[in-house]
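Visitor: Before anything else, here's the structure in question.
The numbers here are math on the coordinates, done by the rules we state, and not lab data. Here the structure is a predicted model, which is why all the values come from computation and not from measurement. No Cβ is skipped: glycine too gets one built from the backbone with ideal geometry, and neighbour counts run over all protein chains shown.
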Amino acid sequence: MKVKQALSAFAALSQETRLDAFRLLVIMTPEGRPAGDLARDLDVPPSTLSSHLAILERAGLVRSERQGRTIFYRADLGGTRAMLEFLIKDCCRGQPQRCDQLIAAAIPVCCP
C-alpha cells in the first residue's frame, strides 16, 4: 500500500459512522450485509449511509455487490490487510522478536 492509499483508508475510518459501518462489516465477513439492513443496524438514514459506504469503498476497505435490487456490502479483507501491513511494515527492523508484543496483542482480539 502506498502512502496516499493509506491516508485515504485512515481518512475514511476517521469518521464515527464509517468506522462503525466498517467494524460491523468486518464482523459480518464473509456474508456481508444488505445496505438497508446496515442502515437500520447503525440507525443512519440510508442516503447518508450510502455516502459513507462509497467513501469506504473508494478507500479499498469495503466492496459492494448488487444482487437484484439489493446492494450487499462486505469488508474488503485484502484492503484491510494492506492497511495493517502498512502500519506495521517496519516494526521489527529485521528482528521479528521486536514485534512479539504487537502480534500477541492482536491475536486474542481478532481470534478469541
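Visitor: Could you give the size of the charge dipole of the range 3-110 about its Cα centre, using +1 on the Cβ of each K and R and -1 on the Cβ of each D and E, expressed in debye and rounded to the nearest 20? Mind dumping the intermediate values first?
Guide: Details: 14 positive and 12 negative charges, 61 e Å.
Using Cβ point charges on Lys, Arg, Asp and Glu, the range 3-110 gives about 300 debye.
Visitor: Additional query: Can you tell me the 0 to 90 degree angle between the C-alpha axis of helix 3-13 and the longest principal axis of the chain, rounded to 10?
Guide: Between helix and principal axis, roughly 50 degrees.
Visitor: What does the helix-only formula give at 222 nm for the chain: each DSSP H stretch with n ≥ 4 adding -39500 (n - 2.57), the total divided by the residues, and the result rounded to the nearest 500 deg cm²/dmol? Walk me through the intermediate numbers first.
Guide: Working: 6 runs with 67 residues, N = 112.
About -18000 deg cm²/dmol.
Visitor: Among (i) -0.48, -1.06, -1.12, -1.18; (ii) -0.34, -1.06, -1.13, -1.20; (iii) -0.25, -1.09, -1.22, -1.36, find the value of log10 I(q)/I(0) by the Debye sum over Cα atoms at q = 0.10, 0.20, 0.21, 0.22 Å⁻¹ that was calculated from the structure presented, and write down its label.
Guide: (ii)
Visitor: Right, another one. For helix 46-58, report the angle its Cα long axis makes with the longest principal axis of the Cα atoms of the chain; keep it between 0 and 90° and round to the nearest 10°.
Guide: That works out to roughly 40 degrees.
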